[in-house]
Amino acid sequence: MLEVHKFMTHEELKAGIKEAMKAKDAVRLSVFRGLVTAATNEAIAKGKGPDALLTDDELMTVIMRAAKQRKDSIEQFEKGGRPELAENEKAELAVIETLLPAQMSRDEIEAAVKAKAAELGVVDKTGANKLIGALMKDLKGKADGTIVKEVITTLFP
């Protein structure tokens, strides 16, 4: 069984396919196959070749993108009155979320925003874009960008 919130390397992701097959876990198998395919496509797009392994940061980006796609699909299926399709996406999202680092709470994000604002000397709305850019670089994979943006707009209206 996978450890929750343990970020996986590219090799571990590939090994996860075998584990899911042995466990006869169709959802996990589907997720792992999709992620390995997305990682291979990313490697090709970066000019590395299909057998190249992505760095941990590149792989995290691929996994975060997959999570975002599932969230968007869930929203669209629910708006379209297709809850049965949304359920499958929710199951896949749950597996994907176990592969990502634990997300920061809103309070932790607020503390990070205040600290970075003080460090950069941002005191009002005019420096918000600079603040968002710096924070997202620091919090990549640890915090949801929409929550970071909400916190910044709340603190600097």
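The values are calculated or read from the model by the stated rules, or taken from the named source; none is laboratory data. Worth saying up front: this structure is predicted, and the values here are computed from it rather than measured. Cβ placement follows ideal geometry from the backbone for every residue including glycine, while neighbour counts extend to all protein chains displayed.
Looking at this structure, is LYS90 over 13 Å from the mean Cα position of the chain (by Cα), of a type outside the set (A, V, I, L, M, F, W, C) and under 30 Å from ALA20 (Cβ atoms)? When the stated conditions are applied, LYS90 passes them. The residue of the range 124-149 that is farthest from LEU59 (Cα to Cα), among those that are surrounded by fewer than 14 Cβ atoms within 10 Å (Cβ to Cβ), over 14 Å from the mean Cα position of the chain (by Cα) and free of Cβ contacts under 8 Å to residues at least 12 places away in the same chain, is THR126.
Contact annotation: residue pairs with Cβ atoms under 7 Å, 6 or more positions apart or on different chains, pairing a residue in the range 7-32 that is part of a helix (DSSP H, G or I) with a partner that is among the basic types (Lys, Arg), are ILE17/ARG33; ALA20/ARG28.
Listed here are the residues, each with its yes/no results for (1) in the same structural domain as ALA20 (by TED's automatic domain parsing); (2) without any contact (Cβ under 8 Å) to a residue 40 or more places away in the chain; (3) more than 22 Å from GLU87 (Cα to Cα).
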residue: LEU35; (1), (2), (3): yes, no, no
residue: ASN41; (1), (2), (3): yes, yes, yes
residue: LYS46; (1), (2), (3): yes, yes, yes
residue: ALA52; (1), (2), (3): yes, yes, yes
residue: ASP56; (1), (2), (3): yes, no, yes
residue: LEU59; (1), (2), (3): yes, no, yes
residue: ALA66; (1), (2), (3): yes, yes, no
residue: LYS71; (1), (2), (3): yes, yes, no
residue: GLU75; (1), (2), (3): yes, yes, no
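Could you tell me which of the residues ALA39, ALA20 is buried (at least 16 other Cβ atoms within 10 Å of the Cβ) and either at pLDDT 95 or above or more than 16 Å from the chain's Cα centre (by Cα) (or both)? Within the list ALA39, ALA20, the selection yields ALA20.
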